[in-house]
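*Asks:* Starting off with a structure, shown below.
The values are calculated or read from the model by the stated rules, or taken from the named source; none is laboratory data. Keep in mind that what you see is a predicted model, and the values were worked out from it rather than measured. Cβ placement follows ideal geometry from the backbone for every residue including glycine, while neighbour counts extend to all protein chains displayed. To get the accessible areas, we keep the full protein, side chains included, count just its heavy atoms, and leave off ligands, DNA and RNA. Shrake-Rupley method; radii C 1.70, N 1.55, O 1.52, S 1.80 Å.
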Number of protein chains: 2
Amino acid sequence: MATLRDVAREAGVSVATASRAINGLGNVTAPTKAAVMAAVKKLNFVPHSGARSLTRRKTDTVGVILPDLFGEFFSEIIRGIDLVAHESGMHLLLGNMHGSTHETAAAIAAMRGRVDGLLVMPPDLKPELLADYLDPALPTVLLNYDAGSLDLPFVAVDNYHGAYAMTEALLARGARQVVHIAGPKHNRDARDRQRGFADAMAKIAKISNPAILPGDFSEESGVKAAQLLVQGQLPADAVFAANDQMAVGLIAGLAEAGKSVPGDVMVAGFDDIPLARHLNPSLSTMQVHIDRLGSTAMMMLLRILRGETLGGASATILTPTLVARGTTGGAAIPAAVAAAGALPT
Amino acid sequence: MATLRDVAREAGVSVATASRAINGLGNVTAPTKAAVMAAVKKLNFVPHSGARSLTRRKTDTVGVILPDLFGEFFSEIIRGIDLVAHESGMHLLLGNMHGSTHETAAAIAAMRGRVDGLLVMPPDLKPELLADYLDPALPTVLLNYDAGSLDLPFVAVDNYHGAYAMTEALLARGARQVVHIAGPKHNRDARDRQRGFADAMAKIAKISNPAILPGDFSEESGVKAAQLLVQGQLPADAVFAANDQMAVGLIAGLAEAGKSVPGDVMVAGFDDIPLARHLNPSLSTMQVHIDRLGSTAMMMLLRILRGETLGGASATILTPTLVARGTTGGAAIPAAVAAAGALPT
DNA sequence: CGTCATACCGTAACCGGTTACACGAGCAAA
DNA sequence: TTTGCTCGTGTAACCGGTTACGGTATGACG
């Protein structure tokens, strides 16, 4: 592979001149520039971005560290990030913590010297630990994580009020005995959603100990919850799953047991994954623009990198909106219309 | 940020010794190693991977260049790649060609000096162009692309025989007038699938000019196809969409027009995206293990990087398998059972 | 005690670019 | 002619690591 010195020699100039010519930094005569460019073509020289970023102290890359890569949730986030990263000519270096705390540290450390900033989503990590791992000198934006004590910028979803609103809606539809299927115990999103549910039940329905079934955000755990519900003879006229994935499993499990939705029991989820509107009946859920989670975080990071100060905007809370569909007996928008984009569902 | 020289100074040794101690390359006394480690802790030094890869001429990173990041297809590929990359301690640098040829060149060029190898998926690029962009010295594996004249290793899906098999299955179910919804004209996958369909119709049903509706792999184009079908009074007892996404739109459109599936018309797709089994009725389709597309490509690349020779295995063809579900009146496996993983659907 | 192998360690040259600074040429003003 | 600028270019010092090579001290051995 040709290096800059090769090009310089070929063009009969110094490396400095070659560099200037290639980067168009002025101060180069037209003929010499042409000579350099000819040499570039001839040797088909491609600049070595690694070396480049070493001196420039800029990599034009941001590191993205996610807990996992499974499912639409993460792919939507990545897409959102890429959307705005691409506009600014930034690249994405993917890190995956694969659920383990130890790997998280490794993933962050491996980013040193490869990225200009970091986008981290640590859904089940204690803030203190996170602070240890992160390099204070490296601009970092947290995804879906309220840093609390740390004063790192972040963008998060208002899980609490979302869950509250959904519970309220179920109650308004006439449900009395609403059961919640919780997410993983240590997961912050899950805990906030559960709190929102419990508070709504207490404040609105005056029920202080609503039934809560365990779950782990997976489809299987939704199926299991359905079985528990039916076999345990748990009285329920509505079930609110902490995410759509579980709601999908739940509905399948209920159908298996001969329960009809929403006839016998209403069902609601959270996230509005693409699948939700295609179910039959379609799934009522809290719509989160997952891609926006990624794109706004990336925009915040870009502004930090440009040296702007975020000021009050250092924390962005995305409010999910309620989408009433078939599983709560709501306005069931014909799938074809929704798919064609005629309605902003 | 502390550099290696800082550490060396702090520990009272030379940079060479510090480097050796940190990397555990022997030839360092236990006490001096301890001193270095202490300095590392004290300054909390994290090695600068950028600089490291410059001298090592190894980045421990592979570049992944995809045409887009939209939908489950790509996220599954990335997940598959990450799965095996992670095992070998490799990182992923994402490049996105955003559909444009010009961007493709830029994306590839930007990888120079940042990666040890490349995974490229250029579904609508001519081989000659691709050859121009690619650096022959950089190990590259093509995703879902038969390089033909270029002798680059690749892993691809046997779209032709998959489509042939699906068409055959529809005919075996008694369909006579099978309509195909094609994918984007310039897309190789789409063209191969269309060829498989046409050949099967000709050979098995002796129909040489089967009806083919235009599409672009999007859900909307499936809806449009349904409208064309109904309004155009096109006789059809089965519709074979070139991918699942379009099949989903198609089904919604048919339902809108009052057509029942599979009663009035059977429907089949291609890919087996996760959504497929959750539709009601569930979608018959050709199952492609999309994640394997990514993981096998990554494994091939790793072997090349390790200096092994691929030999005959330089081309891997993944054969899709037929999954008969509800939309062709096939064995409709209860969703709950399938979700629980009791059956390997 | 001299010789030599061995094990540790330091000096300095690299990897492939960028860029501060110096230098010479050309030209206008004094 | 001398001074002073500007403009184009070259020299060399970086960026932050790795590593070839050479030096020194130590112990074994004749």
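*Asks:* Suppose all protein chains stay in the model; what accessible area per residue would a 1.4 Å probe give for the stretch A:211-303, in Å²?
*Replies:* Result: 34 Å² of accessible area for each residue.
*Asks:* Starting from the Cα-Cα distance between A:GLU87 and A:ALA105, subtract it from 0.36 nm times their residue separation and give me the gain in nm to one decimal. List each step's numbers first, then the result.
*Replies:* Values: separation 18, 0.36 × 18 = 6.48 nm, distance 2.96 nm.
Stretched out fully, the A:GLU87 to A:ALA105 stretch lengthens by 3.5 nm.
*Asks:* For B:LEU138, go 7 angstrom from Cα along the Cα-to-Cβ vector, then report the distances to that same point in the other copies in nm, smallest first.
*Replies:* Those separations, rounded to one decimal, come out as 2.3 nm.
*Asks:* I'd like the distance between the alpha-carbon centres of the stretch A:66-119 and the stretch A:154-193, rounded to an integer number of Å.
*Replies:* 27
*Asks:* Further question: Starting from the Cα of B:LYS203, draw a straight line to each of the aspartates and glutamates and keep only those under 12 Å, dropping any in the same chain fewer than 8 residues away.
*Replies:* B:GLU168
*Asks:* Right, something else. From the residues B:ILE181, B:GLY113, B:GLY148, which one has its Cα farthest along the dipole of chain B in the positive direction, the dipole being from +1 and -1 charges on Cβ of Lys/Arg and Asp/Glu about the Cα centre?
*Replies:* It is B:GLY113.
*Asks:* Let's test this: bin the Cα-Cα distances of the stretch A:66-212 at 5 Å from zero up to the farthest pair and state each bin's percent.
*Replies:* Bins of 5 Å from zero give 2, 8, 16, 19, 16, 12, 10, 8, 5, 3, 1, 0 percent of pairs.
*Asks:* Which residues belonging to the stretch B:107-133 lose at least 40 Å² of 1.4 Å-probe accessible area when the assembly is complete, relative to their chain isolated?
*Replies:* Residues shielded by partner chains are B:ARG112, B:GLY113, B:ARG114.
*Asks:* Let me ask another. For the charge dipole of chain A, defined by +1 on Lys and Arg C-beta atoms and -1 on Asp and Glu C-beta atoms about the Cα centroid, which residue among A:VAL13, A:ALA236, A:MET246 has the Cα displaced farthest towards the positive pole?
*Replies:* After comparing all options, I get A:VAL13.
*Asks:* Another question, if that's okay. For A:ASP189, A:ASP237, write out the residues from largest to smallest accessible area, computed with a 1.4 angstrom probe and no ligands counted.
*Replies:* In descending accessible area the options line up as A:ASP237, A:ASP189.
*Asks:* At 222 nm, what helix-only mean residue ellipticity would chain B give, in deg cm²/dmol to the nearest 500, using -39500 (n - 2.57) for each DSSP H run of four or more?
*Replies:* Calculated from helices alone, the mean residue ellipticity at 222 nm is -13500 deg cm²/dmol.
*Asks:* Just to be sure I understand: if you take the accessible area of chain B alone plus chain A alone and subtract the pair, with a 1.4 Å probe, what total do you get in Å², rounded to 100?
*Replies:* The contact between A and B buries close to 4600 Å².
*Asks:* Could I ask something else about it? For the protein assembly as shown, how big is Rg over Rh, using alpha carbon atoms and the Kirkwood form of Rh? Show your work: numbers first, answer last.
*Replies:* Working: Rg = 27.8 Å, Rh = 27.6 Å.
Radius of gyration over Kirkwood radius for the protein assembly as shown works out to 1.01.
*Asks:* Right, here's the next one. Under the convention of a label 7 Å out along Cα→Cβ, give the distances in nm from A:GLU87 to the same position in every other copy, shortest first.
*Replies:* 4.0
*Asks:* If we hang a label 7 Å off Cα along the beta carbon direction at A:GLY99, how far is it from the matching labels on the other copies, in nm, shortest first?
*Replies:* Nearest first, the other copies' label points are 3.8 nm away.
*Asks:* Then there's this: Pull up the cross-link candidates among the aspartates and glutamates for A:LYS41, meaning alpha carbon to alpha carbon under 20 Å and not fewer than 8 places away within one chain.
*Replies:* A:ASP6, A:GLU10, B:GLU103, B:GLU128, B:ASP132, B:ASP135
*Asks:* Which of the residue pairs A:LYS224/B:LYS259; A:LYS33/A:LYS58; B:LYS206/B:LYS259; A:LYS42/B:LYS185 have a Cα-Cα distance greater than 31 Å in the structure shown? Can you show the working numbers first?
*Replies:* On the way: A:LYS224/B:LYS259 35 Å; A:LYS33/A:LYS58 25 Å; B:LYS206/B:LYS259 27 Å; A:LYS42/B:LYS185 36 Å.
Flagged as over cut-off: A:LYS224/B:LYS259; A:LYS42/B:LYS185.
*Asks:* Can you give the Rg and Dmax of the stretch B:141-265 based on its C-alpha atoms, in angstrom?
*Replies:* 15.1, 51
*Asks:* Within 10 Å, Cβ to Cβ, of A:ALA156, how many net charges do the neighbouring residues add up to if Lys/Arg are +1 and Asp/Glu are -1?
*Replies:* Combined, the nearby Lys, Arg, Asp and Glu give -3.
*Asks:* Still on this structure: Compute from the Cα atoms of chain A the Rg and the Dmax, the latter being the longest Cα-Cα distance, and quote both in angstrom.
*Replies:* 25.8, 87
*Asks:* Label-point separation (nm) for B:THR55 and B:THR3, each offset 7 Å from Cα along Cα-to-Cβ?
*Replies:* Going from the B:THR55 label point to the B:THR3 one covers 1.2 nm.
*Asks:* Viscosity 1.306 mPa s, temperature 10 °C: Stokes-Einstein D of the stretch A:4-47 from its Kirkwood Cα radius, in µm² per second?
*Replies:* 163
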